[in-house]
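Note sheet for the following structure.
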Ligand code: BGC
């Protein structure tokens, strides 16, 4: 039986592999052209295809391969991903991928991908380093905003559609980071120790879906998996990726993630990025006989295969010319709106009515400075900005809006009375016409003196060069820290400058040594200012905001966090005094609405005290328009949470050092398959907001749930009706319960199907969702294969993973 299954599985894989490989080939291409090319290549030419190099044209992207011009193999440019195309030039800054996942819409994911592909082509790029599909396992994860949530089924549906979208524009997509890159702290050292079943059921399904969708390349992650670097992991890169899934594309390393040459190449890592740190020595290995040239050829063939598939080896390929990217993006706007999650809406406080807009207080820095996206390699300079306050005024000309910052990130210029910097300059304030000349360097050395004793935030605002604040580290209390860890935060100042923060303790009237440096870039004038936030300043800002809220009918408070590549958040609390600010506003005005610009779960100690909570994520370049549109009710939010929001970090599955951040270099995935909502359900922990949760300005009911065998699985049918008074969208979700008895521990409910629907007021629709047998299967460690768990399984239909409205039993024959 097992043998038969294996044979049919192999046949299936073969067919899948053939379809994958043959379908996208250009008619004139194919293996023979590639073989002919390889036969003509010298060994150095072959090796130049296997590692990155410097781009002589320097288009600003992350990676470059020179190609072999004499044989018509063009250069290949690789660019980040995943929230738009990052070359340093403005491009469409899309909402963060977590917002895309919140849409629960493969159709929008395809458009997201098309936009990235279109922009990539316009910027003369070839390979997009996106999407990222690592599962959100750790709520504090720094890159949670960049990925597609905690559920493998949702992530699979979104990733596949996005890849189709990117590749439809003639560029190669790269699914990353393969695999188990689920935390940023220690990402370059940690070994993710994860059992076979958990790996297949949780992390790997998204990657498998990417391969099935025809992704051209895969990026190996920084971390180790079960003790072996991902970039030299034969189990992952050959056995699973190629032998099990039939992948025919190429694998590249994450940037600097290789630790060897021959072992990495042999294990299935074709391309070392961004340079040949290890792979430039492969020639010696071939010469000494330590590496067979066939292995080199195999890798070159895999890369050329994808280039050929895209038509890039075609002599008739038209030259790439830089094209213009449209200034605004309806797709970015649609996704920001569709991905917005209405977490709470007591007494229909939203949308804002004419009365609210006639006396509205808007509070918080991100209402005035749009937080477009998270930090790190996903950060894209937007085509344009805008802010919510202006957008509200544009949409409702009669609105009377009082704005108060509430939490000030800019501070005030350090006054001449506080600064003694031994030059003609009394203050450091070189902006606009006073900017430093291109190429100039300046150093100010002297002292700073505070009028009162306490901790001061020093802020260096700058653009067009590099600046630093150097404090005498021997002096008491001096040091770096604060928001952004001393680096620039994600929000620009009111003048549009970068803003980096350094903390210093000053004793009243006691001069403290300080040096400020500025180095202007070659071609640009440099703007630089030294500002500070003295003790008591933020409290005064809170009081101003409270006064504005008290005078208003309704208060809308914006709060944010800064998700960053390279480090996890220290906690899931909002940074700075934001919790205190929100609590104070809520105490002053019962009609308080919180708008969140964050990329990952946060705890909300004030959740019960506010009337409404609108989760906007990092909403991309059209975020101001999208947010205002939703607040005034010109559209209704319909997104659903792709991650659980716990009440507190102690509730999370990873709140044990062995699991996260790991002990002695090992992160043990002993929670097993109980990741995300599966954990909270298993341990009966009430989350703050569950996976799949999201309200609307209208209401929906579900009825007539049934399920019947159909084709390779089962069809689930039900009726959904919009019972409210306005158009809106909803995402009914189908979950599958465990089999009884279960052959292995199973989730109380696992997402198996969903559909996003837009319905007019009063409209109803009958929906059919097809579940294939994977929905009823678990990964068997005995057969190393997906196996149906038969018996009576319960199907749940819900508006979230916890708001289950209907259920029906379903008898599944074993071994189907
Ligand atoms: C990130 C990747 C990114 C690469 C190139 C790495 O640090 O982990 O996601 O694609 O840099 O910028």
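Each value in this text was obtained by applying a stated rule to the coordinates, not by laboratory testing. Everything numeric in this text was worked out from a predicted model, so none of it was measured. Note that each Cβ is placed from the backbone with ideal geometry, even for glycine, and that neighbours are counted across all protein chains shown.
Averaging the sequence gap over all C-alpha pairs within less than 8 Å and six or more residues apart, then dividing by the number of residues, gives the chain a relative contact order of 14 percent.
Packing, as the average of other Cβ atoms within 10 Å across residues, places the peptides 535-545, 333-343 in the order 333-343, 535-545, highest first. Across the range 679-772, Cα-Cα pairs more than 20 Å apart make up 48 percent of the total. Applying 1/(1 + (r/R0)^6) with R0 = 56 Å to the Cβ-Cβ distance of residue 58 and residue 811 gives a FRET efficiency near 0.35.
Sort the following peptides by mean Cβ neighbour count (other Cβ atoms within 10 Å, averaged over residues), highest first: 363-372, 164-173.
Working: 363-372: 26.2, 164-173: 22.9.
In decreasing order of mean packing, 363-372, 164-173 become 363-372, 164-173.
Dimensions of the range 125-192 along the principal axes, based on C-alpha atoms and rounded to the nearest Å, stand at 35, 25, 17, largest first. If you take the Cα centroid of the range 193-237 and the Cα centroid of the range 286-333, the two points sit 22 Å apart.
Shape annotation for the range 627-744: C-alpha extents along the principal axes are 56, 45, 24 Å, from largest to smallest. Where both bridge residues fall in the range 63-219, DSSP classifies roughly 35% of the beta bridges as antiparallel. For the peptides 703-713, 618-628, 51-61, residues were scored by their other Cβ atoms within 10 Å and the scores averaged per peptide; the highest-first order is 618-628, 51-61, 703-713. Anisotropy class assigned to the range 240-306 is oblate, per the alpha carbon gyration tensor with a/c at or over the 1.5 cut-off and a/b no larger than b/c. For residue 709 and residue 42, the difference between the fully extended length at 0.36 nm per residue and the C-alpha to C-alpha distance is 234.4 nm.
Each eigenvalue of the Cα gyration tensor of the range 527-658, multiplied by 5 and square-rooted, gives one semi-axis; in descending order these are 24, 21, 18 Å. Would you mind classifying the range 309-458 by shape? Square roots of the alpha carbon gyration tensor eigenvalues, ordered a ≥ b ≥ c; an a/c under 1.5 is rounded, otherwise it is prolate if a/b is larger than b/c and oblate if not. Oblate.
Volume per residue for the range 204-358 equals 215 cubic angstrom (convex hull of Cα atoms). Treating each Cα of the range 631-679 as one equal point scatterer and applying the Debye formula with no solvent, the log10 of I(q)/I(0) at q = 0.33 Å⁻¹ comes out as -1.20. Looking at the chain alone, DSSP beta bridges between its own residues are antiparallel in about 70 percent of cases.
Just want to confirm a number: the relative contact order over the range 677-816, from Cα pairs under 8 angstrom separated by 6+ residues, in percent.
27 percent
In this simple spin-label model, placing a label point 7 Å from the Cα along the Cα-to-Cβ direction at both residue 395 and residue 634 gives a separation of 0.6 nm.
Pair-distance distribution of the range 131-247: all C-alpha pairs, bin width 5 Å, starting at 0; shares per bin in whole percent are 2, 13, 23, 26, 21, 11, 3, 1.
Assuming R0 = 51 Å, what is the FRET efficiency of residue 317 and residue 353, from their Cβ-Cβ distance, to the nearest 0.05? That gives a FRET efficiency of 0.35. Residues 593, 767, 190, 734, ranked from the fewest to the most other C-beta atoms within 10 Å, line up as 767, 190, 734, 593. Computed from label points 7 Å out along Cα-Cβ, the spacing between residue 385 and residue 573 is 2.9 nm. Relative to the 2.2 N^0.38 Å rule of thumb, the chain has a C-alpha radius of gyration ratio of 0.98.
Can you tell me the FRET efficiency between residue 239 and residue 758 if r is taken as the Cβ-Cβ distance and R0 is 51 Å, rounded to the nearest 0.05?
For residue 239 and residue 758, the calculated efficiency is 0.75.
Could you check how many percent of all C-alpha pairs in the range 599-653 are farther apart than 16 Å? Tail fraction, whole percent: 54. Which of rounded, prolate, oblate describes the range 48-167, given a ≥ b ≥ c as roots of the alpha-carbon gyration tensor eigenvalues and a/c under 1.5 marking rounded, otherwise prolate only if a/b is larger than b/c? It comes out prolate by the Cα gyration axes. Applying 0.36 nm per residue to the separation of residue 288 and residue 543 and subtracting their alpha-carbon distance, the gain on full extension is 84.4 nm.
The smallest convex shape that holds all Cα atoms of the range 323-403, its convex hull, gives 132 Å³ per residue. For the chain, adding -39500 (n - 2.57) for each run of n ≥ 4 DSSP H residues and dividing by the number of residues yields -6500 deg cm²/dmol at 222 nm. Model label points for residue 508 and residue 522, set 7 angstrom from Cα along the Cα-to-Cβ axis, are 5.2 nm apart. What the Cα convex hull of the range 559-603 gives, in volume per residue, is 66 Å³.
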